Amino acid sequence: MDITKRDFMKLAGLGGVVFASGLAGRIAGAAEPKDEFYFVQLSDTHWGFNGPALNPDAQGTLKKAVAAVNSLEEQPEFIVFTGDLTHTTDDAKVRHDRMAEFRDIVSALKVKTVRFMPGEHDASLDEGEAYQQFFGQTHYTFDHKGVHFIALDNVSDPKARVGDAQRAWLAADLKQLRKDQPIVVLTHRPLFDLYPEWDWATKDGADVMALLYPFSNVTVFYGHIHQENHHMTGHIVHHAAKSLIFPQPAPGSLPKRTPVAWNAAKPYNGLGFRGIEVADRSKYVLTEYPVVKG
């Protein structure tokens, strides 16, 4: 028997941010209030990566992910890519070619409202110059059904900082909002010190968080660490997304950060994307989808 969205929310709990992983699909139910919506997060596609030991299907995984999103029973209202669209290269021409190829592949998505942000692989070598030619601004805001979205760039600076200018821009944007305004921050690196030894941090992340703490309803979605991770800093919850190229080990679980090797017995294991259901502009139900169903 299908359970309604209302029943699920009762089961999951209503305090703070709600998230549930590993669900088979979206929740069945009656008509939704107008302020509820659904979007999809994809991250760390690393188009152009070549490493058979980590992903022998590096040229096909992104296309499979596009097909998987297109096959969702209910299409999201928009899609976000949280960085590392392409794999790093010192060759400017190859960088441009990879971005063009990535753009052409994701143009096959049924949902036409697709928002991008850079990762360090896209932007740190040229301060986002090539990225901006293909995808526009590296940081921006938009609003959707009462939720204020802020896309932050913590990668164009090769020192992994948001920087004074962007923090001033953020402060000016936040100054216009109510303290109970629902806010979603989208970024690539974690804004807290998840594991700085592995470059899993933002150098001035504490300064960014200080600007966000006065607001009672803030949720952060990010990428970079190639795995699902959920973390609280005070009342703010941070959700990391899986990669679409290869997984990384749990923070600090190994002496060195060594990507998880491809498992031929379980192909595409650890890879995936996320559906995010927004209820009442303050509660988030997360559904983790595989690239290829097992």
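The values are calculated or read from the model by the stated rules, or taken from the named source; none is laboratory data. This is a predicted model, so every value here is computed, not measured. Using ideal geometry, Cβ is built from the backbone for each residue, glycine included, and neighbour counts are taken over all protein chains shown. The accessibility values were calculated without ligands, DNA or RNA, using every heavy atom of the protein model including side chains. Shrake-Rupley method; radii C 1.70, N 1.55, O 1.52, S 1.80 Å.
For this structure, a couple of remarks:
- Of residues in segment 185-203 being of a type in the set (A, V, I, L, M) and buried (at least 21 other Cβ atoms within 10 Å of the Cβ), the one nearest to Ser253 (Cα to Cα): Leu194
- Being touching a helix residue (DSSP H, G or I) at 6+ places or on another chain (Cβ under 7 Å), without any contact (Cβ under 8 Å) to a residue 60 or more places away in the chain and open to solvent by 60 Å² or more (accessible area, probe 1.4 Å) is a condition met by no residue of segment 235-245.
- Residue match in segment 273-281 (condition: among the hydrophobic types (A, V, I, L, M, F, W, C), buried (at least 20 other Cβ atoms within 10 Å of the Cβ) and within 23 Å of Gly48 (Cβ to Cβ)): yes
- Checking every residue in segment 90-97 against the condition of being open to solvent by less than 40 Å² (accessible area, probe 1.4 Å) and either part of a strand (DSSP E or B) or under 22 Å from Asn269 (Cα atoms) (or both) gives zero matches.
- Segment 249-269 - residue that is of a type outside the set (A, V, I, L, M, F, W, C) and in contact (Cβ under 8 Å) with a residue 40 or more places away in the chain and, of those, most open to solvent (accessible area, probe 1.4 Å): Arg257
- Residue list for segment 178-231, filter: more than 24 Å from Asp143 (Cα to Cα) and of a type in the set (D, E, K, R): Asp193, Glu197, Asp199, Lys203, Asp204, Glu228
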